[in-house]
1. For a distance above 17 Å, tell me the whole-number percent of Cα pairs in the chain that qualify.
2. With +1 assigned to the C-beta of every Lys and Arg and -1 to the C-beta of every Asp and Glu, and no other charges, what is the dipole magnitude of the chain about the Cα centre in debye, to the nearest 20?
3. So what are the ³J(HN,Hα) numbers for region 22-28, from phi and the Karplus equation (6.51, -1.76, 1.60; θ = phi - 60°), rounded to whole Hz, Gly and Pro as x?
4. If the cut-off is a Cα-Cα distance under 24 Å, which lysines reach Lys28, setting aside same-chain residues fewer than 8 apart in sequence?
5. Relative contact order for the chain: what is it in percent, counting Cα pairs under 8 Å that are at least 6 residues apart?
6. Once every DSSP H run of n ≥ 4 in the chain is given -39500 (n - 2.57) and the sum is divided by its residues, what mean residue ellipticity at 222 nm do you get, rounded to the nearest 500 deg cm²/dmol?
7. Carbon and sulfur: what percent of the chain's accessible surface (1.4 Å probe)?
8. Can you give the accessible area per residue of region 6-71, in Å², using a 1.4 Å probe?
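The values are calculated or read from the model by the stated rules, or taken from the named source; none is laboratory data. Note that the structure is a prediction, hence the values are computed from the model and not measured. Here the Cβ is made from the backbone with ideal geometry for all residues, glycine too, and neighbour counts use every protein chain on show. Protein only, heavy atoms only, side chains kept; ligands, DNA and RNA dropped before computing areas. Shrake-Rupley method; radii C 1.70, N 1.55, O 1.52, S 1.80 Å.
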Amino acid sequence: MNTATLLNYLIIMVVCAYGIAFFGGYLKQAKTSPALVWVKNKYSKAPKILECIFIFVFAYKTAELLKNLLF
């Protein structure tokens, strides 16, 4: 596995981890974000759906990375 591929996996995983923390409400920025407050008021399930999508992508990329590193 070359460095560019490894970096690609890691960047996607970091972005997904940030998305999980943001849409899950674990970050201080999430509580003060006007855009997230608007989305929560307009579509109450949207942040949880986005959080689930980020969790799925994170798990998929982690499994793919482990597969490439081990085999």
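1. 49 percent
2. Result for the chain is approximately 340 debye, rounded to the nearest 20.
3. Using θ = phi - 60°, the values come out as 5, 6, x, x, 7, 9, 5 Hz.
4. Within the straight-line cut-off, Lys28 pairs with Lys40, Lys42, Lys45, Lys48.
5. Contact order relative to length: 44 percent.
6. -27500 deg cm²/dmol
7. Carbon plus sulfur share of accessible area: 72 percent.
8. Heavy-atom SASA per residue in region 6-71 reads 74 Å².
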